[in-house]
Ligand SMILES: C[S@@+](CC[C@H](N)C(=O)[O-])C[C@H]1O[C@@H](n2cnc3c(N)ncnc32)[C@H](O)[C@@H]1O
């Protein structure tokens, strides 16, 4: 398919972020957030996050898989599937050899799903989804009834949005809605917010899937 065969952008091939993240993939672990600091903070937040043995987790926007191994360790014998739409990012993640399955997929592309999860995690990824409403509908399809969506950043929405604005380029207008807006944002996807934090050093929204299986 050529880039122009998809004017509506349904396949994600026209999304300039694919090229952006492909370009940054090889050096991501050296130039992005420090992976050791990220893992230390996640371990500190363990109680709040609630990952426990036996949960099946879908990690959307896994990037180079910085946290995928930690996630797999936290939920085993539950399974982790790590998804990203950047082939470059996903190649780096696969090369880590962590016990997870990897999926090259665009979360904004709505389609039926083969498998459902207890938890869908969007760690440092949600603002980059070009069509948040479509992404939320697709996320709901991936969730078991009663399953949880967890959207998380190790910074609040205000500093994060200022950071992306300063970066400019393909991600310059990527926006994380403040936590107060999420109850309305997710309800069209039959999700309901049960917990939220939006402070300088942490953003976390947890929403439960209140829909019947589709
Ligand atoms: C800022 S990076 C974060 C990567 C990783 N979670 C981390 O913390 O290092 C955001 C990731 O989301 C992915 N992404 C953005 N839009 C996506 C979409 N529509 N579907 C799937 N992945 C997407 C990008 O390719 C990128 O790898």
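The values are calculated or read from the model by the stated rules, or taken from the named source; none is laboratory data. Quick caveat, the model's predicted, so the values are computed rather than measured. Note: ideal-geometry Cβ built from the backbone for every residue, glycine included; neighbour counts use all protein chains shown.
Data table
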read-out	value
Residue count for the stretch 24-57, restricted to those that are in a helix (DSSP H, G or I) and either over 23 Å from residue 79 (Cβ atoms) or more than 17 Å from the chain's Cα centre (by Cα) (or both)	17
Residues being touching a residue at least 12 places away in the same chain (Cβ under 8 Å) and more than 11 Å from the ligand (Cβ to nearest atom) - total across the stretch 163-175	2
Residue in the stretch 48-93 that is surrounded by the fewest Cβ atoms within 10 Å (Cβ to Cβ), counting only those that are on the phi > 0 side of the Ramachandran plot and in contact with a helix residue (DSSP H, G or I) (Cβ under 6 Å, 6 or more places away or on another chain)	63
Residue within the stretch 131-139 that is exposed (fewer than 15 other Cβ atoms within 10 Å of the Cβ) and free of Cβ contacts under 8 Å to residues at least 24 places away in the same chain present	no
Qualifying residue in the stretch 163-175 (condition: buried (at least 20 other Cβ atoms within 10 Å of the Cβ) and farther than 19 Å from residue 106 by Cβ)	no
Every residue from the stretch 93-109 that is in a strand (DSSP E or B) and either within 9 Å of the ligand (Cβ to nearest atom) or free of Cβ contacts under 8 Å to residues at least 40 places away in the same chain (or both)	101, 103, 104
Among the candidates 162, 140, 158, residue that is over 21 Å from residue 198 (Cα atoms) and modelled with pLDDT of 95 or more	140
Given (1) part of a loop (DSSP other than H, G, I, E, B); (2) surrounded by fewer than 21 Cβ atoms within 10 Å (Cβ to Cβ); (3) touching a residue at least 24 places away in the same chain (Cβ under 8 Å), number of the condition residue 114 does not satisfy	(3)
Members of the stretch 65-90 found to be more than 9 Å from the ligand (Cβ to nearest atom) and in a loop (DSSP other than H, G, I, E, B), listed by number	76, 77, 78, 79
Residue 165 vs. criteria within 22 Å of residue 28 (Cβ to Cβ) and either out of contact with any helix residue (DSSP H, G or I) (no Cβ under 7 Å at 6 or more places or on another chain) or in a strand (DSSP E or B) (or both)	yes
Residues satisfying the stated conditions in the stretch 143-162, i.e. within 12 Å of the ligand (Cβ to nearest atom) and within 18 Å of residue 209 (Cβ to Cβ)	151, 152
Any hit, the stretch 140-148, residues being at negative phi and in contact with a helix residue (DSSP H, G or I) (Cβ under 7 Å, 6 or more places away or on another chain)	no
Condition met for residue 139 (touching a strand residue (DSSP E or B) at 6+ places or on another chain (Cβ under 6 Å), within 21 Å of residue 191 (Cβ to Cβ), within 12 Å of the ligand (Cβ to nearest atom) and part of a loop (DSSP other than H, G, I, E, B))	no
Residues located in the stretch 186-203, provided they are in a strand (DSSP E or B) and out of contact with any strand residue (DSSP E or B) (no Cβ under 9 Å at 6 or more places or on another chain)	199
